[in-house]
Ligand code: HAM
């Protein structure tokens, strides 16, 4: 019997693990620059902790948790609730009025696996407990942005304010009235959500719902004076630290504990899984979990998504390394390509060619992986006619190349490729 890893669970093999190590080492360095201490937490917690912290009517609690029903325990779907449980249990607020903690490790959510979305995934999570200062919000976003910038990734930052228990009920009422008129046009999930968790309708990805909420009332216009002051303090801090961001009034986040500032680091390079990290403030949560009345804020970066971006970046770096892939299709053309490759290299070009007799499709795939700008296709029939095809991988244009004597062919290719 051939036993494989579970769907959505993944081995991290040599070759890839080095990227993970690099990522973790840089994160630890940056967390230390901002005076964060590490905390290591158990993977299994009482189910109740997540239901109370994340919210009964969130996707995570309703359908994504790995729960052992007979024991009422759950494999943590995120780190914040566990970290707060530990903070409260060990009275960490007594040791220091402001705790700055980070943790790195696996989380578990029973989601539909796809690129950048796993069932066991890893987060680097940082939390500041005990400060309500808007400067801390700005500092947290700046720290995330610094880590992403030092990894060489270009990621944008979106921010919103979700208000507080003073201003949110008023907003909820006007949103409910707005959604009532549009109930029939919403997707089935949002029809249900509009009574249980109406704010979630705002960030539904279904195009039907997106269109309906375009004119929805904005939380930003319903903020109470304290929340509005807080938001402008955060914006001032971000400007002072030179952190680029944009306000996104539709961002709600999938966890119920947020108050005021919420934010996401977004990439355009990972398809549907655009958020490489996210977080926000949760001022009432510690008290709600039975702890002292202290505010908190934090964020988590998804390591799989960062590794995917780093791998794409490495592919781009490789792209600058190789000028041409020579694809031989058959014995004669491979023999010819073998000699031509050597002559091109002698002429100063960086050329790759393999001798495994692979199909054109798989050689093109390799060219894509390496990010090679040109492929020279040597077909057996064309070779007989003294021709080959040069394909520009960026524009997908192809042109015939006359195969003359080797020196002339090399000269032609060097001129075309360096143009
Ligand atoms: P979250 O938005 O659920 O927030 O997750 C944070 C990040 O974890 C996401 O932006 C994404 O990069 C990554 N992530 C989430 N689910 C998956 C998955 N199935 N596969 C791969 N990566 C995933 C939280 O978890 C909050 N605890 C963040 C926070 C900390 N808020 C305050 N403090």
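Every number here is computed from the coordinates shown, using simple stated rules; none is lab data. It should be emphasised that the depicted structure is a prediction, and the values quoted were computed from it without experimental measurement. We place every Cβ from the backbone using ideal geometry, glycine too, and count neighbours over all the protein chains shown.
Per-structure values
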quantity	calculated
Selected from 338, 178, 50 as most flexible by GNM, with the chain as the system and alpha-carbon contacts under 10 Å	338
Using alpha carbons only: equivalent-ellipsoid semi-axes of the stretch 29-118, gyration tensor based, whole Å	26, 17, 10
Most mobile of 241, 157, 147 in a GNM of the chain (Cα contacts under 10 Å)	241
Cα Rg, Dmax (largest Cα-Cα span) when computed across the stretch 339-387, Å	11.8, 31
Spatial extent of the stretch 102-181: Rg and Dmax, with the Cα atoms as the point set, Å	17.7, 47
Helix 80-89 axis, angle to the chain major axis (alpha carbon atoms, nearest 10°)	40
Fraction in percent of alpha-carbon pairs per bin - 5 Å, the stretch 212-268	4, 14, 23, 26, 21, 9, 2, 0
Percent antiparallel among DSSP beta bridges (both partners in the chain, rounded to 5)	80
Relative packing of peptides 298-306, 386-394, 9-17 - highest average C-beta neighbours within 10 Å first	298-306, 386-394, 9-17
Principal axis dimensions, largest first and in whole angstrom, of the chain by Cα	82, 56, 50
Beta bridges per DSSP with both ends in the stretch 324-418, % antiparallel, nearest 5	55
Principal-axis tilt of helix 360-370 within the chain, Cα atoms, nearest 10 degrees	60
In nm, spacing of pseudo-spin labels at residue 43 and residue 221 (7 Å Cα→C-beta vector)	4.8
Angle between the chain longest axis and helix 406-418 axis [Cα atoms, degrees, rounded to 10]	30
Cα radius of gyration and Dmax for the stretch 256-368 (Å)	25.4, 78
Cα-based Rg of the stretch 324-418 normalised by 2.2 N^0.38 Å, two decimals	0.96
Contact order normalised by residue count of the stretch 69-198, Cα under 8 Å, 6+ apart, percent	16
Listed residues 282, 336, 258, most fluctuating in the chain (Gaussian network, C-alpha, under 10 Å)	336
